[in-house]
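Read through the structure below, which is laid out as structure tokens, and then see the notes.
The values are calculated or read from the model by the stated rules, or taken from the named source; none is laboratory data. On a predicted model such as this, the values are computed, not experimentally measured, just so you know. Here Cβ is always computed from backbone atoms with ideal geometry, including for glycine, and neighbour counts include all displayed protein chains.
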Amino acid sequence: MSKTSPNAAAQSRERRVWYLIAAVIVAALPLFVTDSYWRTNLIVCALNILLAIGLDFVLGYAGQLNLGQSAFYGLGAYSSTLLVLKLGLPFWAAFAIGTLMAGAAGALLSFFAVRLRGHYLAIASLGFAVIIYQILLNWISLTQGPLGIYGIAPPPTVAFPGLPQIAFGDLRNLFYLTAGFTLIVYVLLDQMVHSPIGETLTAIREDEVSAASLGIDGPKWKAFAFAVSSAAAGAAGCFYAPLVGTLVPDAFFVSESFMILAMVIVGGMGTLVGPVFGAVLLTILPEFLRSLGDMRLIIYGASVTLAVLFMPGGIVEAFHLLRHRLFPEGEMR
Amino acid sequence: MNPAAPKQADPPTPLLEAHRLCKNFGGVRAVQDISLTISAGTVFAIIGPNGAGKSTLLNLLSGVYQPDAGEIRFAGLDLVGLPAHRRVRHGLARTFQKIRLFKQLSVLENVLAGYHTRHSIPPLQYLLHGAAFRADARRCRAGALDLLEFVGLAHRAAVPAGSLAYGEQRLLEIARALATSPRLLMVDEPAAGLNGAEVAALLRRIANLRERGVTIVLVEHNMDLVMTLADRILVMDYGERLFEGAPGEVQAHPEVIAAYLGAEAL
Ligand SMILES: Nc1ncnc2c1ncn2[C@@H]1O[C@H](COP(=O)(O)OP(=O)(O)OP(=O)(O)O)[C@@H](O)[C@H]1O
Ligand SMILES: [Mg+2]
């Protein structure tokens, strides 16, 4: 009977334990990773996880392929940076506006693409990514085009009375900031997908006509999922600018969307934890292959192809299969 | 006049009224000038040969299509222009002739999805589950299991909906539609593909629903089921209304026999 009625309270407790474990890992990582090169990679990892879980929310749950993630990433990065540079806004205000702007752009895109499904929505979002890239490249008076924006300052130092100051020029602190933010977003998304919102989005993914017959407003929920997804990308962009210190349009070229898609697919879409593994793997692995130059792209392509062909559920499915092999009668959950 | 007529004492209150509905697909007049009045607490059957327009009529009533002309009123509310998902909140639910379950989700999850309009969770608890969230989850889960019990699928709650036998899938669609707590349930060929015992069980369940006060619109080819259950029957042919009446009148109507019951009745 335990299989048909798993205790919801126990599941929710188990989830909280996992959140805690993740928090401990985040807290401990900089203790083991001390050189600045790898600390920078850890931060890039955190941002890629943010981009990937955002994409998975709309793709894995609502079933809508969003290939505009690179554009929302760029929107967040450029708008927050320009708000600080041109209007003198404080970083965190610019962060909030940049994130919301990306989210609103996502909702609008979904709203106009509401009649498009499957390939057409994917193509519309891809078109959006191309347009945003071209704007970043050609609106030179605003973005300085291919020359880029240089010398972007880190987020302002935080000082609590009686405690040492926290400066985000320090990579350890910047890691805690970005990874902590990513963890919070993960927890919020995880809570949502394990709520009736998750049921609603998967119902839309499975059959929109059927979902409507249960009172589900497909266009509204798709716009919601798109907004959440693109806001996550926008937030990642807001952190990207001060991390790198430089913004050039090429960082937000359309291929970035496919990189993020690869992370989701390799990790296993439709589970939030999958894209985390996918993002870590596809961020860290290429660092070991740096000497191979453009071979890195081939690694990306090959891993996605292999995942789609042999393991459509990605790393998460591989893990489950392995566990099944090792403990055949041990029921999961 | 008719001594057998059971409950003609007080005039029944109409729950759903349609007036001169029309729907064309290109040159095909799928529904033409159909008017109907469905009383609360009754079973209203729609029969007719293949392609007569029964499913299209159901799609008009449920909001999958909007009519080219005509009116639909549900408990006094004008439904024309209202999208399908908005009609659910007013108490309309339906199943599909071509089964449309969420195949990858479990049987229980399919029914839980039907609770979409019936949750009571404070918005912030979607982001951080609290006591009210868990209470809502328990309530919906218990309700969903009750509905699965009602259709005889409780023992299948954990399996993917796609792995159910055909007849079971039809029953699951009914349970999922009932999860919206409808006042009017429209079922499109619920007995298609069911064996004799399953049809008998289906008949009991529909009768049971009517006793609970749910009004039923039944599109069905199985004449035993229709004649046993229906209070009123609308006979359609080529998108048009051929006849409407009580089961006895329909069986006696020469045109209906010719057009539809045909050899079976002779
Ligand atoms: N979406 C559509 N597009 C074009 N034609 C349609 C569409 N839906 C139905 N039709 C046509 O409308 C007519 C009525 O079809 P409908 O499905 O309503 O019949 P039905 O009475 O339900 O038949 P059956 O008993 O076979 O289910 C048919 O000629 C059908 O081909
Ligand atoms: Mg039909």
Mind checking whether some residue in segment B:119-134 is at the interface with chain A (Cβ under 8 Å from one of its Cβ atoms), among the hydroxyl-bearing types (S, T, Y) and buried (at least 17 other Cβ atoms within 10 Å of the Cβ)?
yes
Only one of B:P190, B:P182 is away from ligand 2 (no atom under 16 Å from the Cβ) and touching a residue at least 24 places away in the same chain (Cβ under 8 Å). Can you tell me which?
B:P182
Could you check segment B:47-65 and list, in sequence order, the residues that are surrounded by fewer than 21 Cβ atoms within 10 Å (Cβ to Cβ) and either of a type in the set (V, I, T) or more than 12 Å from ligand 2 (Cβ to nearest atom) (or both)?
B:V64, B:Y65
Considering each of B:R156, B:R232, B:R204, B:R212 in turn, give the residue that is in the same structural domain as B:R73 (by TED's automatic domain parsing), over 12 Å from the mean Cα position of the chain (by Cα) and within 23 Å of B:H116 (Cα to Cα).
B:R212
Out of everything in segment B:163-194 that is more than 16 Å from ligand 1 (Cβ to nearest atom) and of a type in the set (V, I, T), what residue ends up being nearest to B:G63 (Cα to Cα)?
B:T180
Per-region count, segment B:66-96, residues surrounded by fewer than 18 Cβ atoms within 10 Å (Cβ to Cβ) and within 16 Å of ligand 2 (Cβ to nearest atom)
0
Qualifying positions in segment B:152-193 - of a type in the set (A, V, I, L, M, F, W, C), away from chain A (no Cβ under 12 Å) and surrounded by fewer than 21 Cβ atoms within 10 Å (Cβ to Cβ)
B:L164, B:A165, B:A192
Cβ-Cβ below 6 Å, separation at least six or inter-chain, first residue in segment B:55-72 and touching a residue at least 12 places away in the same chain (Cβ under 8 Å) and of a type in the set (S, T, Y), second part of a strand (DSSP E or B) and within 9 Å of ligand 2 (Cβ to nearest atom): which pairs?
B:S55/B:D188
Could you list all residues from segment B:36-54 that are free of Cβ contacts under 8 Å to residues at least 60 places away in the same chain and either more than 10 Å from ligand 1 (Cβ to nearest atom) or more than 24 Å from B:E255 (Cα to Cα) (or both)?
B:T37
Could we say that A:Y73 is within 13 Å of another protein chain (Cβ to nearest Cβ) and touching a residue at least 60 places away in the same chain (Cβ under 8 Å) here?
no
Working only within segment B:55-71, note down all residues that are away from ligand 1 (no atom under 11 Å from the Cβ) and under 14 Å from B:L184 (Cα atoms).
B:L61, B:S62, B:G63
Exactly one condition in (1) closer than 20 Å to A:T40 by Cα; (2) surrounded by 12 or more Cβ atoms within 10 Å (Cβ to Cβ) is false for A:A124; which is it?
(1)
State which residue is farthest from the chain's Cα centre (by Cα) when the search covers only segment A:182-235 and only residues that are within 9 Å of chain B (Cβ to nearest Cβ) and polar (S, T, N, Q).
A:S213
Output for segment B:195-222, where each listed residue is within 16 Å of ligand 1 (Cβ to nearest atom) and crowded, with 18+ Cβ neighbours inside 10 Å
B:V217, B:L218, B:V219, B:E220, B:N222
